Amino acid sequence: MIEQESEVIFNKKVADGTFLMGLRSYEISSGAKPGQFVMLRVRQSFDPLLRRPFSICGTREDDIFLILYRLVGRGTTILSHVGEGTKLSVTGPLGKGFDIPKPGRKSLLIAGGIGIAPLIFLARKIKMIDLIFMAGYGSLKEVIDLESAGLKVPDIRIATDDGTLGHKGLVTDLLESYMTMSGNEMFKVFSCGPLHMLKRIAAITINSGAECQVSLEASMACGLGACQSCAVKSSSDQGMVYYHVCRDGPVFPAKSIDWKSI
Amino acid sequence: MTSINSDLSVKIGTLELKNPVLTASGTFGYGSEFSSLIDINKLGGIVVKGISLRPRAGNPPPRIVETHCGMLNAIGLANIGLENFLKEKLPWLQSLSTAVIVNIYGHSIEEYAAVAAGLKGVEGVSAIEINISCPNVECGGMVFGTDPKTSARVTEAVLKESDKPVIVKLSPNVTDIRAIAISVEKAGAYAISLINTLTGMAIDVEKRVPKLANITGGLSGPAIRPVALYMVYQVVKAVKIPVIGIGGIMNYWDALEFLIAGARAIQVGTANFVEPDVSLDIIEGLKRFCMDREIISIDDIIGTLNEKVDPGGQGTRTN
């Protein structure tokens with residue numbers, strides 16, 4: 001983990017309200033694992049005050065790491081106006097990432113909206129023959145072309161709320177229909193997206209006995225385990241009641257989270 | 001040109017600090033969280049996360065929300081409890097060559113005393129800071145800290161069980177902070193630190209719900225600095241014991257305001273989240289400030305406020 005000024009190499013719009021940014025840092029790029037994140041200061045100012053957490057979306061050429069972000073508020077709006085060559089203060093890589101699956105078993109990567117960011121990075125570590133990528137969006141204009149992030153996935157299945165691309169409905173519908181078709185085939189699920197979507201995926205996978213890892217999002221101030229603000233309730237009835245997303249996660253086995261509290 | 005090596009060391013009674021910059025409780029974990037990012041031994045000291053007799057899970061999320069130039073938190077004093085602290089965190093803290101101040105709190109006067117008793121004779125703990133001011137838990141301190149009499153009773157109970165310097169951390173959520181300060185001084189407090197966070201809230205307008213599960217939280221960050229500075233200024237005048245200034249300090253210039261107002265040391269809080277190495281920058285800034293002006297000791301700055309405003313202007317740095 002390191003804190004440093006990282007140069008913005010590019011910052012481009014890749015879908016409606018969605019941007020891909022490349023930043024130069026050999027230390028972060030070479031050390032990053034899929035599922036890990038960085039804390040980024042969108043500008044040198046006390047307003048907004050806090051750093052923002054962003055999943056690492058990939059790495060390029062040894063010393064560049066990528067973040068994919070959606071405009072959701074002041075911080076990301078400011079970030080979308082940052083020009084090439086600007087230096088931003090970044091801390092990372094932080095947290096625990098996904099367990100990279102061994103070859104020979106199907107891996108289902110299930111993304112909801114901007115939750116696709118860490119899964120794009122994870123997909124690079126999985127053999128394409130083992131990979132099924134499912135992505136859910138509100139509408140066609142939000143759909144991220146994975147090739148813009150340098151990823152070619154042969155088996156990609158899309159769901160949109162309004163039916164403008166792929167299945168009309170939820171990405172969890174795609175998971176359920178896959179399970180109906182696949183019979184007893186063993187597979188692993190890796191997912192990131194809105195909490196209500198992850199809650200549904202957790203219920204489906206826990207019920208079927210499939211292994212599932214989820215990457216959670218939470219408001220956090222430090223990203224280092226000090227402020228204890230990013231609490232999420234553990235399913236364990238003994239020991240730690242709350243996990244901290246920044247240090248214990250952001251990736252958790254789905255069964256370790258108390259989904260009733262969400 | 002001669003260059004002097006300015007001395008940054010300060011004394012809080014018998015507690016000697018290599019410089020006046022401490023990290024505030026609740027913003028620096030148990031110290032080890034920052035050890036891969038900064039050299040902790042360069043700090044004047046660290047104040048660890050508040051410890052209670054038994055572990056405490058804390059409040060349900062969301063626990064923080066950002067506000068203009070600040071943040072509201074309602075962590076709920078989540079901590080691992082005294083026993084786990086002594087077993088898991090203390091050995092590493094004992095290996096440090098800087099002051100380690102343990103912040104404590106309780107649900108009752110007896111619990112405060114019990115935590116202090118548990119730290120009695122423990123090596124490597126330089127002082128105790130009593131939290132009588134956390135706004136985020138029922139009976140989590142603020143009920144003790146908003147009344148001069150109960151503030152004094154908690155202080156006395158801890159002093160009776162403790163063999164260490166006892167610092168009392170005050171709440172700003174009172175009508176007159178001087179009354180509390182005078183009361184804990186009379187009770188025998190070694191020093192006073194202030195301010196803890198200011199109670200506040202934020203509302204999600206679309207959903208019409210509070211942004212924090214706890215409804216209210218404690219406001220911190222640069223937004224509160226002028227309020228904190230004024231309270232430090234008031235308390236310095238009201239008591240003879242040393243005062244430690246806390247509240248929205250983001251850089252050495254902010255730290256100097258508190259020192260000039262009479263604080264013998266300062267604590268850096270929310271800024272640790274924004275820039276993990278900010279405390280070291282503040283120490284370097286103080287050193288440079290003194291050396292540039294040939295000030296031999298930081299002591300020569302403390303409490304030097306001249307209350308007559310300079311008609312020539314307010315200086316150039318305002319941030």
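Derivation of every value follows stated rules applied to the coordinates shown; laboratory data play no part. Bear in mind the structure is a predicted one, so any value in this text is a computation, not a measurement. Reconstructed Cβ throughout: ideal geometry from the backbone, glycine too, with neighbour counts over all protein chains shown.
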(request) Do me a favour and compute the ellipsoid semi-axes for the stretch B:191-282 from its Cα gyration tensor, root of five times each eigenvalue, largest one first, whole Å. (result) 28, 17, 10
(request) Apply the Karplus parameterisation 6.51 cos²θ - 1.76 cosθ + 1.60, with θ equal to phi minus 60°, to every residue of the stretch A:245-260 and state each ³J(HN,Hα) to the nearest whole Hz, in sequence, with x for glycine and proline. (result) 4, 5, 9, 6, x, x, 8, 10, x, 4, 6, 7, 9, 7, 5, 5
(request) Can you tell me the dipole magnitude for the protein assembly as shown around its Cα centre, using point charges on the Cβ only (Lys, Arg +1; Asp, Glu -1), in Debye to the nearest 20? (result) 720 debye
(message) Report for the stretch A:121-261 the percent antiparallel among DSSP-assigned beta bridges with both residues inside it, nearest 5.
(response) 35 percent
(request) Compare B:D299, B:D281, B:D39 in a GNM of chain B, Cα atoms joined below 10 Å, and give the one with the largest fluctuation. (result) B:D39
(request) Give the Rg (one decimal place) followed by the Dmax (whole number) of chain A, computed from C-alpha coordinates and expressed in Å. (result) 17.8, 55
(request) Would you mind telling me which residue in B:R208, B:R153, B:R225 has the biggest mean-square fluctuation in a Gaussian network model of chain B, where springs connect alpha carbons within a distance under 10 angstrom? (result) B:R208
(request) Among A:S177, A:S80, A:S139, determine the one that fluctuates most according to a GNM of chain A built with springs between C-alpha atoms less than 10 Å apart. (result) A:S177
(message) For the stretch A:98-215, what does the relative contact order come out to in percent, with C-alpha contacts under 8 Å and a separation of six or more?
(response) 28 percent
(request) Run the numbers on chain A and let me know its relative contact order in percent, using alpha-carbon pairs under 8 Å that are six or more apart. (result) 17 percent
(message) Using a Cα-Cα cut-off of under 15 Å, which aspartates and glutamates could be cross-linked to B:K186, ignoring same-chain neighbours fewer than 8 residues away?
(response) B:D147, B:E156
(request) Could you sort out which of A:K87/A:K141; B:K42/B:K87; B:K89/B:K120 sit more than 23 Å apart by Cα distance in this structure? (result) A:K87/A:K141; B:K42/B:K87
(request) Of the listed pairs B:K240/B:K287; B:K11/B:K237; A:K33/A:K102; A:K96/B:K207; B:K49/B:K207, which have alpha-carbon separations greater than 24 Å here? (result) B:K240/B:K287; A:K96/B:K207; B:K49/B:K207
(message) Can you classify the stretch B:1-134 as rounded, prolate or oblate using the Cα gyration tensor, where a ≥ b ≥ c are the square roots of its eigenvalues, rounded means a/c under 1.5, and otherwise it's prolate if a/b beats b/c and oblate if not?
(response) oblate
(request) Return one number: the angle in degrees, 0 to 90 and rounded to the nearest 10, between the long axis of the Cα atoms of helix A:171-182 and the longest principal axis of the Cα atoms of chain A. (result) 40 degrees
(request) Would you calculate the separation in nanometres between label points at A:S208 and A:R43, each defined as 7 Å from the Cα along the Cα-to-beta-carbon direction? (result) 4.7 nm
(message) So for the stretch A:2-94, averaging the separation of alpha carbon pairs under 8 Å that are six or more residues apart and normalising by length, what relative contact order in percent results?
(response) 42 percent
(request) Pull out a ≥ b ≥ c, the square roots of the eigenvalues of the alpha-carbon gyration tensor of chain B, then state rounded if a/c is under 1.5, prolate if not and a/b is larger than b/c, and oblate in the remaining case. (result) rounded
(message) List the aspartates and glutamates whose Cα sits under 12 Å from the Cα of A:K188, skipping any in the same chain fewer than 8 residues away.
(response) A:D99, A:D130, A:E211
